[in-house]
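Shown next, in structure tokens, is the structure this report addresses.
The values are calculated or read from the model by the stated rules, or taken from the named source; none is laboratory data. The shown structure was predicted, so the numbers you read here are calculated from the model rather than taken from an experiment. Here the Cβ positions follow ideal geometry from the backbone for every residue, glycine too, while neighbour counts run over all protein chains shown. Quick note on the areas: whole protein, heavy atoms, side chains included, nothing else; ligands and nucleic acids left out. Shrake-Rupley method; radii C 1.70, N 1.55, O 1.52, S 1.80 Å.
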Amino acid sequence: MQGRDSGLVRVTACVLTTLLGLSAWPAQAQQEAPATVWRMGDTVHYDGYMDADAIQHVRFHAARGAHTLSISSRGGDVELGMALGDVLAQHGMDVEVRDVCLSSCANYVFPAGQRKLLQRHSLLGWHGGVLQDMADSIPPEARQQYQNYVQRVAPLERAFFQRIGVDQASTTWGQRPEFARYRDCIGWSYSLDMMRRFGIEQVRVQGGKRWQPPASFRGRCVFHIDAPRLAK
């Protein structure tokens, strides 16, 4: 019985990380080095995945006058992403995307910044959230744990978006039926106008230039959603 239970845990962990969008892009990235955090002047630099110790360092510096989080991250755990977003919101910090901000970084960290800065070719990419419909993708032996997870975390995600004043639908909009032709893509990005529709305000591009996010990440397509696509 113990062997069967441990196998179920492994299956469930795999499901939750690869199907719920909890993991970074790509999945194997979790094997890389932990996040690093350092401060230069009023800016805290964050490189890597969502990491509890790294977030504690950001919180430490935020409480001591740091004004901006400069981040490059492929995401990670949902709850850690919300924890980092809460640090920004609670301290009124700005956020800057240096290179990439994907998955939980795009869902929870970027929208929580007071003012938001993109580099001209920064990749800001979404690929799902807690409320996405995964019922048909979960193996039968893992469905109960999946349901338990969603029941626990969904209210936390809803409350988070209420705190920062952003529409929770931003995490899953790219999974709507009208985007089914992009199902082989790894995720999607939004135009600045579309972000404003979700309540993601005060976004600007370095130097006032036009934002030109990449259309792919490591060989996988990233499709772009503009405001005119919004259903009325």
- [ ] Answer yes or no as to whether THR68 is of a type in the set (Ser, Thr, Tyr), closer than 26 Å to TRP211 by Cα, surrounded by 19 or more Cβ atoms within 10 Å (Cβ to Cβ) and modelled with pLDDT of 95 or more.
- [x] yes
- [ ] Hey, could you check region 209-227 for residues that are open to solvent by 70 Å² or more (accessible area, probe 1.4 Å) and either basic (Lys, Arg) or under 15 Å from GLU96 (Cβ atoms) (or both) and say which is modelled with the lowest pLDDT?
- [x] LYS209
- [ ] Using the structure shown, decide if THR18 is at pLDDT 95 or above and open to solvent by 40 Å² or more (accessible area, probe 1.4 Å).
- [x] no
